[in-house]
Amino acid sequence: MHLDAKIPSGPLAEKWDKHRFELKLVNPANKRKYNIIVVGSGLAGGSAAASLGELGYYVKNFCIQDSPRRAHSIAAQGGINAAKNYQNDGDSIWRLFYDTIKGGDFRAREANVYRLAQVSNHIIDHCVAQGIPFAREYGGLLANRSFGGAQVSRTFYARGQTGQQLLLGAYSSLMRQVAAGQVTMFPRREMLDIVVINGQTRGIVVRNLITGEIESHGADAVVLCTGGYANVFYLSTNAMASNVSATFRAYKKGAFFANPCYTQIHPTCIPVHGTYQSKLTLMSESLRNDGRVWVPKTPGDKRPPNQIPESERDYYLEEKYPSFGNLVPRDVASRNAKTQCDMGKGVGETGFAVYLDFADAIKRDGKEVIEQKYGNLLQMYEKITASNPYEEPMMIYPASHYVMGGLWVDYNLMSNLDGLFVMGEANFSDHGANRLGASALMQGLADGYFVIPYTVGGYLAGTSRPEITTDHPAFTEATRYVTERTRKLLSINGKRTVDDFHRELGHILWEYCGMSRNDDGLLKAKTLIQELREEFWENAVVPGSSEDFNQSLERAGRVADFLEFAELLVMDAFERKESCGGHFNEAYQTEEHEAMRDDENFCHVAAWEYKGDDTDPELHKESLVFENIELTQRSYK
Ligand SMILES: Cc1cc2nc3c(=O)[nH]c(=O)nc-3n(C[C@H](O)[C@H](O)[C@H](O)COP(=O)(O)OP(=O)(O)OC[C@H]3O[C@@H](n4cnc5c(N)ncnc54)[C@H](O)[C@@H]3O)c2cc1C
């Protein structure tokens with residue numbers, strides 16, 4: 001099957017303008033005739049629902065939480081990129097485009113990434129107009145800081161709470177539309193299936209998480225903005241409710257899942273401290289603007305950090321990558337931390353940690369300046385670890401954090417299923433094999449504020465859809481499937497908790513499909529996952545009933561999906577016989593232990609098609625064509 005990304009023709013810089021002109025428009029009066037479902041109310045979903053409502057469409061917006069303000073986006077700390085060049089340090093749309101393609105190890109589509117860089121500047125203007133309190137310089141201009149994989153300062157931020165502030169902006173716009181009657185909010189609903197009729201996506205089936213009722217909702221188009229699946233690793237920096245269920249159920253209805261093995265391990269998280277821990281805490285990459293990463297030069301050196309003299313410290317990132325230093329991209333920083341710990345140079349009780357040290361920055365700029373920049377992050381660290389980062393170096397270690405894989409979408413952000421759009425972290429689009437810091441917020445808001453308002457109109461105006469109601473047999477069938485699955489989960493009556501299965505799944509993935517992978521390990525993981533899944537359906541315990549608020553049931557459904565999805569993730573990793581970005585297969589590395597791509601055979605998007613529970617999925621490939629950037633070995637030296 002040919003996967004058509006529908007990339008417009010013409011010069012790169014003119015594609016988006018040209019495409020917007022060529023897309024059919026829906027006239028203002030006709031917009032009222034269309035209903036659009038947006039699932040998810042994070043930065044991608046919130047911005048999309050608000051923008052579509054403002055345009056005049058009728059929007060139904062669904063989310064798991066009790067309020068859109070509690071979407072996982074609220075956790076984003078460090079910032080959002082844009083090519084404003086306020087620092088006059090050489091930034092441009094082209095440089096942001098180039099850095100993002102290179103950061104993703106040349107595994108993203110040029111046209112999508114260029115559009116993202118173009119639109120990035122509009123996002124900042126839009127958010128400033130909404131009143132987002134971005135940090136400012138003394139003179140009043142917006143301030144910037146640096147993030148990994150860039151040699152310019154292009155990251156806009158609101159202390160360590162950028163996601164929260166941006167989400168409040170999107171939420172205000174959303175609530176304006178709710179008040180105007182354009183958007184209807186459906187909080188506490190979990191989407192459990194999509195409904196496809198004659199090849200067109202026409203609705204969803206959700207469970208009301210308070211009453212347990214299964215509801216059907218029809219629409220002219222469905223926009224999935226349900227976030228990422230990093231929680232498949234069990235321990236991650238994501239919110240507890242982040243899941244793969246919505247995208248995985250869409251996959252089972254025919255939407256292709258792209259690059260599931262592209263997962264991001266973030267280098268700076270508070271290290272794991274115990275078996276029964278359920279969450280990991282991110283320490284924003286922004287800290288590496290001023291914090292210096294180091295380990296003792298001698299393996300096994302257990303002296304407290306302040307007793308290790310300068311000459312006996314290994315600032316391995318500065319040493320190995322003098323141009324980018326501590327701000328190398330995440331995949332590179334994470335792998336290097338692992339290498340140091342594997343060499344016995346890790347610190348702390350477990351030996352799985354490296355130092356992030358602010359002593360020099362405090363000496364240079366003063367404690368007050370550091371506190372102003374990162375105060376809330378350092379306070380969070382101290383609360384969790386009971387160690388004062390102003391006085392002794394922080395301890396950090398890589399953790400599962402973000403996913404570049406997601407549902408396959410074309411240039412219009414539409415999946416291979418007509419009328420099913422996918423945005424934000426839920427799609428696979430812009431980050432290739434590794435996402436640069438501060439680019440996820442940029443992508444989510446680009447998709448929601450500036451791409452979908454045009455492309456959904458093009459779809460609605462360019463296709464015809466028969467009238468349907470939720471009495472249609474396709475809704476009845478989806479409802480039956482969801483009800484039956486719920487019943488099955490509740491009737492397992494086993495002995496082992498769902499969390500325990502999830503924890504074991506996380507161990508398998510971390511061990512065999514984490515920061516480094518090899519073919520034997522991946523094959524082993526596949527078998528272990530299958531065995532674990534079998535045991536789950538025989539021995540899991542899911543208490544309570546389906547007719548009221550039952551978080552055990554919610555979790556069981558999500559873990560059941562993770563147990564199926566994990567196998568797809570591992571298969572995708574096995575199939576990609578190269579290393580690129582976050583996907584590091586030990587068999588493919590340069591002499592300096594960097595990821596070694598195989599552009600001749602793997603310069604493609606791997607898009608998987610579901611073929612049935614007992615049949616392997618089918619792999620489709622979308623070739624990536626680079627007309628503007630030369631493919632090179634990525635170097636941050
Ligand atoms: C700790 C942390 C810090 C980060 N910091 C940064 C940063 O500084 N800069 C940056 O660019 N990126 C950062 N990121 C990444 C970024 O926050 C996320 O990629 C981004 O917020 C995802 O937005 P989203 O709208 O796609 O999804 P989310 O914000 O995850 O929203 C998902 C929405 O979908 C809903 N949902 C999910 N499943 C279902 C379902 N089945 N049915 C109904 N609703 C459903 C949820 O209720 C929610 O409303 C960070 C990530 C983490 C974990």
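At-a-glance table
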| item | result |
| --- | --- |
| Every residue from the range 179-211 that is within 15 Å of the ligand (Cβ to nearest atom) and either in contact with a His (Cβ under 6 Å, 6 or more places away or on another chain) or part of a loop (DSSP other than H, G, I, E, B) (or both) | Pro187, Arg188, Gly203, Ile204, Leu209, Ile210 |
| Positions within the range 407-422 being farther than 11 Å from Ala607 by Cβ and assigned to a strand (DSSP E or B), in sequence order | Met414, Asp418, Leu420, Phe421, Val422 |
| Residue list for the range 548-592, restricted to those being acidic (Asp, Glu) and at pLDDT 95 or above | Glu554, Asp561, Glu564, Glu567, Asp572, Glu575, Glu578, Glu586 |
| Failed criterion for Asn112 (all others in (1) within 14 Å of the ligand (Cβ to nearest atom); (2) part of a helix (DSSP H, G or I); (3) not charged (D, E, K, R) hold) | (1) |
| Residue match in the range 151-159 (condition: in contact with a helix residue (DSSP H, G or I) (Cβ under 9 Å, 6 or more places away or on another chain), open to solvent by 50 Å² or more (accessible area, probe 1.4 Å) and more than 12 Å from the ligand (Cβ to nearest atom)) | yes |
| Residue within the range 135-150 that is charged (D, E, K, R), within 13 Å of the ligand (Cβ to nearest atom), more than 18 Å from the chain's Cα centre (by Cα) and not in a helix (DSSP H, G or I) present | yes |
| Qualifying position, being within 16 Å of the ligand (Cβ to nearest atom) and among the aliphatic types (A, V, I, L, M), among Met414, Met442 | Met442 |
| Flag if Thr470 is over 15 Å from Cys261 (Cα atoms), of a type in the set (S, T, N, Q), open to solvent by less than 70 Å² (accessible area, probe 1.4 Å) and in a helix (DSSP H, G or I) | no |
| Filter result for Tyr98 (hydroxyl-bearing (Ser, Thr, Tyr), surrounded by fewer than 21 Cβ atoms within 10 Å (Cβ to Cβ) and over 26 Å from Ala433 (Cβ atoms)) | no |
| Every residue from the range 118-147 that is touching a Ser or Thr at 6+ places or on another chain (Cβ under 7 Å) and either modelled with pLDDT of 95 or more or assigned by TED's automatic domain parsing to the domain that holds Arg288 (or both) | Gln130, Asn144 |
| Of the criteria (1) farther than 24 Å from Thr275 by Cα; (2) open to solvent by less than 10 Å² (accessible area, probe 1.4 Å), which one Met394 fails | (1) |
| Residue match in the range 582-602 (condition: within 17 Å of Ser516 (Cα to Cα) and part of a helix (DSSP H, G or I)) | no |
| Ile93 vs. criteria open to solvent by 40 Å² or more (accessible area, probe 1.4 Å) and at pLDDT 95 or above | yes |
| Output for the range 255-295, where each listed residue is closer than 30 Å to Asp360 by Cα and open to solvent by 20 Å² or more (accessible area, probe 1.4 Å) | Pro271, Val272, His273, Thr281, Leu282, Asn289, Arg292 |
| Residues of the range 30-72 satisfying the condition of being in contact with a His (Cβ under 7 Å, 6 or more places away or on another chain) and either away from the ligand (no atom under 13 Å from the Cβ) or open to solvent by less than 40 Å² (accessible area, probe 1.4 Å) (or both) | Ile37, Gly42 |
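Here is a yes/no grid of residues against (1) out of contact with any helix residue (DSSP H, G or I) (no Cβ under 6 Å at 6 or more places or on another chain); (2) of a type in the set (Gly, Ala, Ser):
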| residue | (1), (2) |
| --- | --- |
| Ala48 | no, yes |
| Leu52 | yes, no |
| Lys60 | yes, no |
| Arg95 | yes, no |
| Ile101 | no, no |
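The values are calculated or read from the model by the stated rules, or taken from the named source; none is laboratory data. For clarity, every value in this text was computed on a predicted model and none was experimentally measured. With ideal geometry, Cβ positions are generated from the backbone for all residues, glycine too; neighbour counts draw on all protein chains shown. Calculation scope for accessible area: heavy atoms of the full protein, side chains included, ligands and nucleic acids excluded. Shrake-Rupley method; radii C 1.70, N 1.55, O 1.52, S 1.80 Å.
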